[in-house]
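Trainee: Can you keep this structure in mind? I'll have questions shortly.
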Amino acid sequence: MTPDTKKLINMPVFAHLSMEKLEEFLEKTPCRLAHYETREHIAMQGAPCRAFILLCEGQVRASMIGTDGRQITIEDHEAPMLLASNFVFATHNHFPVDIIAITPCEIMVIEKEPFMELMCTEPVVLQNFLRILSDRSHILSRKLGSLVLLKLKNRIAAYLLEHQEIRNQQEVADYLGVARPSLARVLAELAQEGSVLFENRRVTIADQAKLEKYL
């Protein structure tokens with residue numbers, strides 16, 4: 001069992017696929033391994049997405065530039081994971097986001113055609129892939145609803161209840177698609193009413209019941 005197979009077998013897209021089948025696939029399939037340092041771009045917004053990108057090690061951030069020039073964080077991903085799964089079969093298969101390494105990363109790139117053959121011969125891989133697409137759609141729909149329908153204070157409350165704390169206000173501002181001063185102002189309001197607590201640079205939950213009223 002090669003080191004690469006050990007990493008790949010834990011990926012959700014290969015769940016319930018036997019080690020023998022995965023090794024057989026890798027032996028006959030041209031794959032490209034690449035390493036990226038922190039802050040390096042793995043994919044650029046607008047670039048063609050014509051292959052499967054498998055994150056074997058590290059963490060990445062998907063972000064995009066808004067019409068006002070502000071960077072918006074879509075989400076972070078951690079290995080092992082299949083990246084850009086919902087773009088590769090699109091009619092206009094271009095990356096709508098930048099994918100940036102936030103830690104040193106190892107990436108494996110597999111062309112679309114052999115991966116499609118694997119899904120045809122191994123239905124479990126196809127089922128895994130479809131489940132991943134469905135889960136991604138659900139997550140993105142939930143975030144879109146939060147961005148469009150909820151006021152900033154409600155969105156911050158939802159973020160805190162999910163993540164329990166804020167360590168870096170700029171990163172959270174990018175994630176929520178707002179300016180940092182706007183985030184800081186609302187956090188100050190929440191602190192004044194006793195919902196959150198400032199501990200040096202960390203923001204933590206002081207009263208969960210008060211935050212839940214914003215949901």
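Coordinate-derived values only; no laboratory data. Remember, it's a predicted structure, so these values are computed and weren't measured experimentally. Glycine also receives a Cβ, built like all others from the backbone with ideal geometry; neighbour counts cover every protein chain displayed.
Trainee: Please express the shape of region 65-145 as an equivalent ellipsoid: the semi-axes are the square roots of 5 times the eigenvalues of the C-alpha gyration tensor, given largest first in whole angstrom.
Mentor: That gives 25, 16, 13 Å for the three semi-axes.
Trainee: Label points 7 Å out from Cα along the Cβ direction at GLU113 and ILE139: separation in nm?
Mentor: The two pseudo-label positions are separated by 3.1 nm.
Trainee: Hey, got a sec? Which GluC sites (Glu not before Pro) in region 115-215 land in a DSSP loop and have at most 13 other Cβ atoms within 10 Å?
Mentor: Those that pass, being in a loop and sparsely packed, are GLU193.
Trainee: Given a Förster distance of 41 Å, report the FRET efficiency between GLU162 and GLU27 from their Cβ-Cβ distance, rounded to the nearest 0.05.
Mentor: 0.50
Trainee: Between GLU27, GLU40, GLU78, find the one with the highest GNM mean-square fluctuation for the chain; connect C-alpha pairs within less than 10 Å.
Mentor: Fluctuation is largest for GLU27.
Trainee: Could you tell me the center-to-center distance, by alpha carbons, between region 36-88 and region 8-24 in angstrom?
Mentor: For region 36-88 versus region 8-24, the Cα centre distance is 23 Å.
Trainee: Okay, next question. Percentage of Cα-Cα pair distances in region 150-212 greater than 17 Å, rounded to whole percent?
Mentor: 26
Trainee: Compare GLY58, GLY69, GLY177 in a GNM of the chain, Cα atoms joined below 10 Å, and give the one with the largest fluctuation.
Mentor: Taking springs between Cα atoms under 10 Å, the residue moving most is GLY69.
Trainee: I've got another one for you. Per residue, what volume in Å³ does the convex hull of the Cα atoms of region 3-139 enclose?
Mentor: Convex hull volume per residue, Cα atoms: 107 Å³.
Trainee: Calculate, in nm to one decimal, what ALA206 and ASN154 gain on full extension: separation in residues at 0.36 nm each, minus their alpha carbon distance.
Mentor: That pair, ALA206 and ASN154, stretches by 17.1 nm at full extension.
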